[in-house]
1. Considering region 208-219 alone, what residues qualify as being farther than 19 Å from R152 by Cα and open to solvent by less than 60 Å² (accessible area, probe 1.4 Å)?
2. For region 237-251, which positions are touching a Lys or Arg at 6+ places or on another chain (Cβ under 7 Å) and open to solvent by less than 40 Å² (accessible area, probe 1.4 Å)?
3. Can you name the strands (runs of 3 or more DSSP E) wholly within region 121-185 that have at least 3 residues being in contact with a Gly (Cβ under 9 Å, 6 or more places away or on another chain), open to solvent by 10 Å² or more (accessible area, probe 1.4 Å) and not acidic (D, E)?
4. Looking at (1) within 24 Å of the chain's Cα centre (by Cα); (2) assigned to a strand (DSSP E or B), can you tell me which one I272 breaks?
5. Tell me, yes or no, whether region 190-207 has at least one residue that is in contact with a Phe, Trp or Tyr (Cβ under 8 Å, 6 or more places away or on another chain), of a type in the set (D, E, K, R) and open to solvent by 30 Å² or more (accessible area, probe 1.4 Å).
6. Six or more apart or on different chains, Cβ atoms under 9 Å: show the pairs whose first residue is in region 229-251 and basic (K, R) and whose second is assigned to a strand (DSSP E or B) and surrounded by fewer than 19 Cβ atoms within 10 Å (Cβ to Cβ).
7. Can you name the condition, by its number, that Q265 falls short on among (1) part of a helix (DSSP H, G or I); (2) at positive phi?
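The values are calculated or read from the model by the stated rules, or taken from the named source; none is laboratory data. In this text the structure is predicted, and so the values were computed from the model without any measurement. Positions of Cβ are generated from backbone atoms using ideal geometry, with glycine treated the same way; all protein chains shown enter the neighbour counts. Please note that ligands, DNA and RNA were not included when accessible areas were found on the heavy atoms of the full protein model with its side chains. Shrake-Rupley method; radii C 1.70, N 1.55, O 1.52, S 1.80 Å.
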Amino acid sequence: MIEWNDELMVDEALIREGDAWVLLMTSGAATHADADALRAWRRRSPAHEQAFREAVRLRDAVRAVAAAERAGPEPSVISLSAHRKPRQTGLDRRALLTGAVAASAAGVAVFAGGRMASIWGLEPADFATAKGERRTIALADGVSAELNTMTRMARRPEVGANGVELLDGEVLLAAALPADAAPLVALAADGRAIARQARFVLRCDDADVSVTCLSGEVLVEVGAERHRVGAEQRLSYSGSTIHTLERVDTDVATAWRRGELVFRQEPLRNVIAEVNRYRPGRIVIASAALRERRINGTFFLGQLDEVIEQVRAGLGARVTRLPGDVVVLA
């Protein structure tokens, strides 16, 4: 058990670190590893424990400020750029906050089930890439796949000789098949994309799927609905609901193949979510207002820490770095 006393003097650096830990753990993006790291940090000294407890006590004030920020007007678009020539699951917020102080005193780990358990039951994949990795595969004569970062794909011969399923992530599929060959059939969540002569990007984030056609034509089937997607068009669906067909800039959609990420009027929350797919560690946005700031920018995949610096300089965000390459923006 850690002894703790209200008279203990805590230096400014520890106060900032304690506040950053609370911001991370209440962000909805904290993992079991973060909980372990926090517990170890709090045990380093009585001053560390006091800094964390003070941060928990001040959290109500932070929430009040966040509520005021959410009531404000929608911010304008900000242009950021570091273009100069490189799916985490969360701990339950309420369980962590309500049990944080008691768990430290009792030496009990604070874990919540959340979606983390789904990791133990992942469907097996025939092809997979790690964070920051890309991989090109020849699936058959006339069919190839380029897997982007953090992507898992499986063969599905039961839907055809050229059947595959994107389990999660993003893949560029190319089909150049004659009329008498089995078409490429790519399953994703509750739908499928079918093509013989086409290049298209298929992306699957849980139940949210998008099909972006680069050339040729792709037939997308979701339930009883069927839509043809032509070059420079994107069709998205969630579950059994198909969304509006839209025109897209294919250079932006495939920027990852050039080693870049390009954003056009995207909320910062979407920008950071995408950056987290490539960058080691994780970036967490702790400010509700900051999450909704809209961003224009181009970044190299090999220099993604520049995103942090640009958000600090361009948006005035406070940046706090934690162990494990975790960065909190507030």
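1. The initial filter retains those residues of region 208-219 that are farther than 19 Å from R152 by Cα, namely 213-219.
Selection gives C213, L214, S215, G216, V218, L219.
2. So the first thing to find is which residues in region 237-251 are touching a Lys or Arg at 6+ places or on another chain (Cβ under 7 Å), and the list is 246, 248.
V248 - this is the single residue of region 237-251 that is touching a Lys or Arg at 6+ places or on another chain (Cβ under 7 Å) and open to solvent by less than 40 Å² (accessible area, probe 1.4 Å).
3. Numbers: elements: 135-140, 143-147, 152-155, 162-176.
So the answer is 162-176.
4. Going through (1) within 24 Å of the chain's Cα centre (by Cα); (2) assigned to a strand (DSSP E or B) one by one, I272 breaks only (2).
5. Yes, region 190-207 contains at least one residue that is in contact with a Phe, Trp or Tyr (Cβ under 8 Å, 6 or more places away or on another chain), of a type in the set (D, E, K, R) and open to solvent by 30 Å² or more (accessible area, probe 1.4 Å).
6. R234/E246; R234/R247
7. Evaluating Q265 over (1) part of a helix (DSSP H, G or I); (2) at positive phi leaves (1) as the failure.
Conditions tested, residue by residue: (1) assigned to a strand (DSSP E or B); (2) modelled with pLDDT under 95; (3) open to solvent by 40 Å² or more (accessible area, probe 1.4 Å).
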{"site": "E221", "(1), (2), (3)": "yes, no, yes"}
{"site": "L235", "(1), (2), (3)": "yes, no, no"}
{"site": "P280", "(1), (2), (3)": "no, yes, yes"}
{"site": "I283", "(1), (2), (3)": "yes, yes, no"}
{"site": "A289", "(1), (2), (3)": "no, yes, no"}
{"site": "E306", "(1), (2), (3)": "no, yes, yes"}
{"site": "V311", "(1), (2), (3)": "no, yes, no"}
{"site": "R321", "(1), (2), (3)": "yes, yes, yes"}
